Amino acid sequence: MFSKFLTAALRRRNRRLRPFSTAAAAAVGEPDATGGITMKGVKISGRPLYLDMQATSPIDPRILDAMLPYHISRFGNPHSRTHLYGWESDQAVEEARAQVATLVKASPKEIIFTSGATESNNISVKGVLHFYRDKKRHVITTQTEHKCVLDSCRHLQQEGFDVTYLPVESDGLVDLEKLRAAIRPDTGLVSVMMVNNEIGVIQPMEEIGKICKEFNVPFHTDAAQALGKIPIDVEKMNISLMSLSGHKIYGPKGVGALYIRRRPRIRVEPQMNGGGQERGIRSGTVPTPLVVGFGAACELAMKEMEYDDQRIKALQERLLNGIRSKIDGVVINGSVERRYAGNLNLSFAYVEGESLLMGLKEVAVSSGSACTSASLEPSYVLRALGVEEDMAHTSIRYGIGRFTTEQEIDRAVDLTVKQVEKLREMSPLYEMVKEGIDIKSIQWAQH
């Protein structure tokens, strides 16, 4: 009863703030005396529109409904074997495990719960190579992987392992022949992200899986941005290990999973010691409420993936067409054909990137990964695509999701166009281009 009452109250409050809008998903940052919000030295007129779904997604109220009993009354430790509290929590964890497995067409026995995709990536990359260190000393990955995969590979390099960082094509996709040529007899792992977190491109997973199977090399993928958004079949894709995250699919933060194939069996060295939970691979008490939320999110995604996909595609077209109909010099970063529609990464010519972001205070967007956005360096992902530094600096990632509305998209278009036009008015380079001068042909003098 309490969970239903609390959820209903939250929904009523959200409807008062903004109907069916991600801007209503939280109450942090209350208005000041003037009606605006000031936080970290930035003052805005109200809560911004939320278009940063690749960083995180708001929790679906239905998922909160499923979680609340395990915060309040069913609070038992799932590893307590002697009483009802432990039994019911254990049962809930196993049901969630089955829900996650069903979404990726795996066996529940192949799902290990972790704290998120970063931990799953660390277990996969370091755990596999450490276990097979006597025979396997080589890893293959791409230059556009998430930072936690790249850092795990650098860690292995410091331990004496070899790592090949494959370049990608200008559309962000892996060249399959280069992958094939990079495989060596001592290659212990190939790690390629399924859907890129910055540019949304979808890698050819089945083709990569076939190459790995041909050479009998384990295939790991970071599928945090793919889960619940595109169909995943671990058998068809020949995936050996796969990292998953809860908060990217409208579930809670702090929970994720690692898929580890059982046949043929993949072995990993645990990265953390403890009570031996999760088949000894990930020790520590499994957080029942978070796991239940993750499972519920996967079950919802299974039911609503097709509807969400169609709706998000329509919103993405509305956003892109709206911007392009009003301003020129707009470039899509990454493949246009092979991409997840909810991730639209655009570069705006003749605009300074940080100024554009600061001017879009009423729209919550980012210039790339939330894990690296504190850096003023241009995105390493865009640089790997061959995007010139000035265009890489002007990129904005728009993340569209389940609760995004047409009104929010239209507002984002208006605000983006207004800010780009304002910055271009102050740009001498844009003035030169309008006058027909080829900027690239100019040799700038150094003083």
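The values are calculated or read from the model by the stated rules, or taken from the named source; none is laboratory data. Just so it is clear, the model here is predicted, and its values are computed rather than measured. Cβ coordinates were reconstructed from backbone atoms using ideal geometry, including for glycine residues, and neighbour counts include every protein chain displayed. In case anyone asks, the SASA skips ligands and DNA or RNA and just uses the protein heavy atoms, side chains included. Shrake-Rupley method; radii C 1.70, N 1.55, O 1.52, S 1.80 Å.
Structure notes:
- Probe 1.4 Å, accessible area per residue of segment 244-339, Å²: 47 Å²
- Across the chain, the relative contact order, built from alpha-carbon pairs under 8 Å that are at least six residues apart, equals 20 percent.
- When the helices of the chain are scored as -39500 (n - 2.57) per DSSP H run of n ≥ 4 and the total is divided over every residue, the value at 222 nm lands at -12000 deg cm²/dmol.
- Over 24 Å between alpha carbons, listed pairs K147/K303; K136/K210; K236/K303; K229/K361; K136/K229: K147/K303; K229/K361; K136/K229
- Positive minus negative residues near S57 (Lys, Arg vs Asp, Glu; Cβ under 12 Å): +1
- Anisotropy class of the chain from Cα gyration tensor, a/c 1.5 cut: oblate
- Comparing mean-square fluctuations of Q316, Q99, Q158 from a GNM of the chain with C-alpha springs under 10 Å, the top value falls on Q158.
- Taking a ≥ b ≥ c as the square roots of the eigenvalues of the Cα gyration tensor, segment 132-194 is oblate, since a/c reaches 1.5 or more and a/b is not larger than b/c.
- As a length-normalised measure over Cα pairs under 8 Å and 6 or more apart, the relative contact order of segment 61-300 settles at 28 percent.
- Rolling a 1.4 angstrom probe over the protein heavy atoms with all chains in place gives segment 176-232 an accessible area of 32 Å² per residue.
- At an R0 of 60 angstrom, the distance between the Cβ atoms of W87 and E214 translates into a FRET efficiency of 0.85.
- Computed from phi, the 3J(HN,Hα) profile of segment 247-263 under the Karplus parametrisation 6.51, -1.76, 1.60 (θ = phi - 60°) reads 7, 8, 10, 6, x, x, 7, x, 9, x, 8, 10, 8, 10, 4, 9, 9 Hz, with x in place of Gly and Pro.
- Between H71 and E352, the contour length at 0.36 nm per residue exceeds the Cα-Cα span by 96.5 nm.
- Protein heavy-atom surface of the chain, 1.4 angstrom probe: 53% of the accessible area is carbon and sulfur, with nucleic acids and ligands not counted.
- Length available on full extension from E269 to E377: 0.36 nm per residue minus the Cα-Cα distance, which gives 35.4 nm.
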